[in-house]
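Peer 1: Okay, handing you the structure first.
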Amino acid sequence: MTHERGFQPPQQNRGSGTPENTVFIPTSPHRATALSRAAEQLVAQWLGVPGVEAISQTQTETGEDALRVMVTDQQALTRLKPRLPTHLDGFPVLVEISGPFRALPY
């Protein structure tokens, strides 16, 4: 179902069992601030790197606050995963293939 201006409701994310576009509220305001700072660090260091499409805040399957790095394809995953941190400021860094991001026309 598509709504006005191309909005699509959350879809089931392949593999994670979590709907895409889901906003997670961290467990405490202090954790929210720390998670946001960690996300900002990842954005500053990695968002301009070829193959990195997006960086977001998320949760692991067990509900732990985490960071997600989305990459274009398997080649980018193979090239970047060994270089990316596994944890940043105590938060796990998850890496997944998202495919390229494209803006939807109005």
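Yes or no, residue by residue, for (1) more than 13 Å from L94 (Cα to Cα); (2) without any contact (Cβ under 8 Å) to a residue 40 or more places away in the chain:
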{"residue": "S36", "(1), (2)": "yes, yes"}
{"residue": "A39", "(1), (2)": "no, yes"}
{"residue": "Q45", "(1), (2)": "yes, yes"}
{"residue": "V49", "(1), (2)": "yes, yes"}
{"residue": "I55", "(1), (2)": "no, yes"}
{"residue": "E61", "(1), (2)": "no, no"}
{"residue": "A66", "(1), (2)": "no, yes"}
{"residue": "V71", "(1), (2)": "no, yes"}
{"residue": "L77", "(1), (2)": "no, yes"}
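Peer 1: When the stretch 56-75 is examined, which residues are found to be closer than 15 Å to E40 by Cβ and surrounded by fewer than 20 Cβ atoms within 10 Å (Cβ to Cβ)?
Peer 2: If the condition is that a residue be closer than 15 Å to E40 by Cβ and surrounded by fewer than 20 Cβ atoms within 10 Å (Cβ to Cβ), then S56, Q57 are the ones that fit.
Peer 1: In the list L80, L84, which residue meets the criterion of being out of contact with any Ser or Thr (no Cβ under 7 Å at 6 or more places or on another chain), under 25 Å from T33 (Cα atoms), among the aliphatic types (A, V, I, L, M) and at pLDDT 95 or above?
Peer 2: Checking each option against the conditions leaves just L84.
Peer 1: Check whether at least one residue in the stretch 95-102 is surrounded by fewer than 13 Cβ atoms within 10 Å (Cβ to Cβ), among the aliphatic types (A, V, I, L, M), more than 13 Å from L42 (Cβ to Cβ) and out of contact with any His (no Cβ under 7 Å at 6 or more places or on another chain), and report yes or no.
Peer 2: no
The values are calculated or read from the model by the stated rules, or taken from the named source; none is laboratory data. From a predicted model like this one, the values you see are computed outputs, not experimental measurements. Counting neighbours? That spans all protein chains shown, and the Cβs are built from the backbone with ideal geometry, glycine included.
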